[in-house]
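See below for the structure under consideration.
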Amino acid sequence: MAKARRKIIQAGRLWMAVQYTAIRGGNQSAKREAKAMISTPAREALNAKLSWQKLMLTLAANFTSKDLVVTLTYRDADLPARREDADRRLSNFIRALRAHRRETGTDLVYVRTTEGYHTGGRFHHHLIINSSGNDYDIIRKLWKYGDNVDFEAFGGDGAERWAKYLTKEPRIQGRKYVGDRTWRTSVHMKKPSHSYCYVDVDDDLSPPAGAWITDKTQCDNCYGRFCHMMAILPEQTQLNI
């Protein structure tokens, strides 16, 4: 029986999979066209080459719905003139927050970015951090450059939403150089898991029990089939993949 190739990526509660068949029969020209229709989107779906896709997997692997998205802004008197100065202040803030966490026996896990293009050059920062249960007062105390600090829950579907939001400026403004990335992370971040297998070609791709599908793309022609699916797993799901 014909086989289809399947790859599954799991990052926290985010489950992604792609399944595609080998090209069958036909003349060489038709086979090349069919291959482009089937294999090209399969590679694009799983390579996660775009910055927001890489960030989405990083966020999903390291943060839960109870973690926090923090926005740090500047008062007029302390507004930095250069992005380098803003980044330096953010680094100092993170260093202070990490020191406080160590005193209380809690690690700091974070993703950080500095923005300013879409606010007319007024720099501000977004942080996604693991929640310690006692963050609001200490963060407001440690951020000495502004009076407004906003907090928002990461949320159960936060990985894709926040990944796209935190990478919006490079998509609008462009990058300084190829591979430039505007977001940075703490060290020792968890990595997504990957698995590969072959299944019967008639085996439909479906998410684990209890998961809800957030995105599905499928392409069928006389030469093969491609299906990409993304889903959110239930709380505390453990998969053996």
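The values are calculated or read from the model by the stated rules, or taken from the named source; none is laboratory data. These numbers were taken from a predicted model, which means no experiment stands behind them. Cβ sites come from the backbone with ideal geometry, for glycine too, and all protein chains shown count toward neighbours. Quick note on the areas: whole protein, heavy atoms, side chains included, nothing else; ligands and nucleic acids left out. Shrake-Rupley method; radii C 1.70, N 1.55, O 1.52, S 1.80 Å.
Overview of results
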| quantity | calculated |
| --- | --- |
| Ordering of 10-17, 227-234, 77-84 by packing [mean C-beta count within 10 Å, highest first] | 10-17, 227-234, 77-84 |
| Surface share of carbon and sulfur [accessible, 1.4 angstrom probe, percent] for the stretch 93-139 | 45 percent |
| Sites ASP85 and LYS216, calculated FRET efficiency, Cβ-Cβ separation with R0 45 Å, nearest 0.05 | 0.50 |
| Over 21 Å between alpha carbons, listed pairs LYS7/LYS168; LYS66/LYS164; LYS190/LYS216; LYS144/LYS164; LYS7/LYS190; LYS168/LYS190 | LYS7/LYS168; LYS190/LYS216; LYS144/LYS164; LYS168/LYS190 |
| Whichever aspartates and glutamates have a C-alpha closer than 14 Å to that of LYS3, once near sequence neighbours (fewer than 8 apart) are set aside | ASP200, ASP202, ASP203, ASP204 |
| Simple spin-label estimate for VAL199 and ASP76 in nanometres, 7 Å along Cα-Cβ | 6.0 nm |
| Largest-first principal axis extents of the Cα set of the stretch 122-167 (Å) | 31, 30, 12 |
